[in-house]
Amino acid sequence: MARPFKQQRNPGNIKPAASVSVDPDAVPQRLHKLLALAGLGSRREMEELILSGRITINGKVAEVGAAVVPGDVVRFDSRPVHLPFEAELAQVLIYHKPEGEIVSQDDPEKRATVFDKLPRVRGAKWIAIGRLDINTSGLLIFTTSGELANRFMHPRYEVEREYAVRIFGELTEGEMLQLTQGIELEDGPASFDSIRPQGGEGANHWYQVVLREGRNREVRRLFDAFQKPVSRLMRVRFGPVNLPPRLKRGQMLNLDPKEVLGLLEWAGLPLPTAPLRQRTAREKEKAGQVFTPKARRAAPEREPRPEGSAARPAYGARPDAAGRADGRKTSTSPARKPTQSRRIRQDADIPAPRSRRPATKR
């Protein structure tokens, strides 16, 4: 049975959407702050996104510093955005980054990136807290909260970063003192909060350093100032988060909701007022378990068409007399000979069955 066609709606009969009631006592909140809480990025990234004109409020292009209330309709590239006016519990993931991976989503060289292995999250995206260069391993934190990421990374908070460093050579007491007092680099003075020798074998020696900045390759450049090249660099702590010993290279770990609440308290961020979502038995079983992620498969790239080739015929295009829809030969097999008309078999052509007579005795 053929499926009936859908009836077209008359645009004049469509009822307008019901207007959302606005609470007159609602306190307006900053748009870029709510966008960051929604997991679209950090506050600074959201300000740049608003400047690009891709965010609208009630159909009008938003401006930096705009405030919204629960009744406002906010869209990002014409898609509605759910703004968390009430604090929601974020997700936090710890990754032991190995060497050879970059912390970037857009790489023209198509190198391996840490974002290829992250599990998918609904209604949010992962934000990397700080960066590690391709030759640095160790602790890397991801979260779905732009506010929490901003609390870790903004220079005014001066969150401690602790590294284990292996250098070729050995520092003197005077050199270690100078590294804590400050050295002038190309982009300004820099120093370690503390530096402790951790021993070593042969020409290689280990040091434990702590600093409160996240400038590009700052640790390596401080040691290079004394002609002590770094042969191994690993971050072991970022603020209150330590790299667990059981987390081996290339493995991940989701923090428990209680641990996430502890991070929010440390950051001074509002805690969720609504009760936490009940976790399933599978989620409870996986909580606190170390797992090895798998890189997502990239979509295969289509081969470009050779120059001068015609485009693929559109759906429903009628072939021409030669059986081609776009002037090209569709088959290399020889043409079949036209079949002769066949005569349809009729009932008159079927012979009548012979009647069986009983055999007579002679």
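The values are calculated or read from the model by the stated rules, or taken from the named source; none is laboratory data. Quick caveat: nothing in here was measured; it's all calculated off a predicted structure. Every residue, glycine as well, gets a Cβ built from its backbone with ideal geometry; the counts of neighbours run over all protein chains shown. Note: accessible area is taken over every heavy atom of the protein model, side chains too, but ligands, DNA and RNA are not part of it. Shrake-Rupley method; radii C 1.70, N 1.55, O 1.52, S 1.80 Å.
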Residue check for ARG246: in contact (Cβ under 8 Å) with a residue 12 or more places away in the chain, over 24 Å from the mean Cα position of the chain (by Cα), within 30 Å of ALA295 (Cβ to Cβ) and assigned to a loop (DSSP other than H, G, I, E, B): yes
Residue list for region 226-243, restricted to those being part of a loop (DSSP other than H, G, I, E, B) and either open to solvent by less than 30 Å² (accessible area, probe 1.4 Å) or at negative phi (or both): PHE226, LYS228, PRO229, GLY239, PRO240, LEU243
Selection count, region 60-91, where residues are within 23 Å of GLU265 (Cβ to Cβ) and open to solvent by less than 60 Å² (accessible area, probe 1.4 Å): 5
Of the criteria (1) part of a strand (DSSP E or B); (2) open to solvent by less than 20 Å² (accessible area, probe 1.4 Å); (3) over 30 Å from LYS248 (Cα atoms), which one TYR95 fails: (3)
GLU63 vs. criteria assigned to a loop (DSSP other than H, G, I, E, B), charged (D, E, K, R) and either in contact (Cβ under 8 Å) with a residue 24 or more places away in the chain or in contact with a Phe, Trp or Tyr (Cβ under 9 Å, 6 or more places away or on another chain) (or both): no
Candidate set: region 8-56, residues that are of a type in the set (Lys, Arg) and modelled with pLDDT of 60 or more; chosen: the one most open to solvent (accessible area, probe 1.4 Å): ARG44
In region 150-199, the residues that are more than 14 Å from GLU213 (Cα to Cα), open to solvent by 50 Å² or more (accessible area, probe 1.4 Å) and not in a helix (DSSP H, G or I): ARG166, PHE168, GLU170, THR172, GLU184, GLU186, ARG196, PRO197, GLN198
